[in-house]
Amino acid sequence: MLFQFRMRKMDDVTPFDEDGQPTLHWFGLTDGWYWLIVDGQETFRYTDKILRQWGIDKDDPPYVDYYVVRLWEDVLEILPFVLNPIPPEVTAHLFPPEEWLAWFARASTWIEANLDNDEAWSLYIQATGWWSNRQLDTAYLEAAPDLTFWRTGDEMHIHWDGAGRRMEGTQVWACEYARETLPVDTFTDRVESFHRAFFTEMRSRVDSARKSWKRPDIELDKTALYDEHKERSTWLSRRLADDPGLFADDWDRVLEAIQVLDARL
């Protein structure tokens, strides 16, 4: 399974503080750990050294410790872009990936030097926005890695880059590079499997909380909890039913922008 997660015990979930009142909602109950298996490697896994440096309990899983729903939400956010195939004219820029990533890094450095230039920003977004739309949002993580999905024909490409992410001299991510190519249908199946597994687990937690909430000091709206679960459970099917045209890129303009930007780097 591509997407992996583990939930924290409900008794151990830290509540939110709402005007002094400890409170939990559906989002908070997704507290746990997540990671992805890419080409047999565990991404979003921390190095043993950084875990010791952070003082993480040895009994805790060595993965990103956050709300699992955030991974699910971010996958749904990029899914329509990811499922839109990239045409051969643009694909030619992506192989070998190292060269494209080096070019993208140079473009990012260039725009950092032109932050007050509206024309530069417009050019940069036109040339690279399609790529950013296919990257999972990891900005909320320390030493954020890059995880990108893109489609060519009937193949889905997955690229993980956690190299060079250091804190106080220590490499953060155990897996530095990982790549995998799989059929688009297989990728879609794995997204759906993640959705089913996640919502099955959350349904169990919701039912347990509604039946017998064992933390009376923490406020929990049981009706809202059920309603939010029911509503969110429809999001994937609705996302897959979206009109692909709403997320289509103007590839002619993208190619033109790449050429113009390339001349300025």
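Here are some notes:
- Phi-based couplings in Hz for the stretch 106-114 (Karplus 6.51, -1.76, 1.60; Gly and Pro marked x): 5, 5, 5, 5, 5, 5, 4, 8, 10
- Pairs of lysine residues in the chain that meet both criteria, 8 or more places apart or on different chains and Cα atoms under 14 Å apart, total 5.
- Chymotrypsin sites (Phe, Trp or Tyr not before Pro) restricted to the stretch 175-223 and DSSP loop, no more than 16 other C-beta within 10 Å: Trp213
- For the stretch 21-264, the spread of Cα positions along each principal axis, largest first, Å: 64, 46, 39
- For the stretch 144-159, backbone phi angles converted through the Karplus equation (6.51, -1.76, 1.60; θ = phi - 60°) give residue-by-residue couplings of 3, x, 10, 9, 10, 10, 8, 10, 10, x, 9, 10, 10, 9, 10, 10 Hz, Gly and Pro being listed as x.
- Computed from backbone phi with θ = phi - 60° and the Karplus coefficients 6.51, -1.76 and 1.60, the 3J(HN,Hα) list for the stretch 91-100 is 4, 4, 7, 8, 10, x, x, 4, 5, 5 Hz; x is used for glycine and proline.
- Distance from the Cα centroid of the stretch 1-53 to that of the stretch 134-184 is 18 Å (rounded to whole angstrom).
- Burial ordering of Arg151, Arg264, fewest other beta-carbon atoms within 10 Å first: Arg264, Arg151
- Cα gyration tensor category, rounded, prolate or oblate, for the stretch 92-173 with a/c compared to 1.5: oblate
Bear in mind these aren't lab numbers, they're just calculated from the coordinates by the rules spelled out. Just so it is clear, the model here is predicted, and its values are computed rather than measured. Note that we place each Cβ from the backbone using ideal geometry, even for glycine, and neighbour counts take in every protein chain shown.
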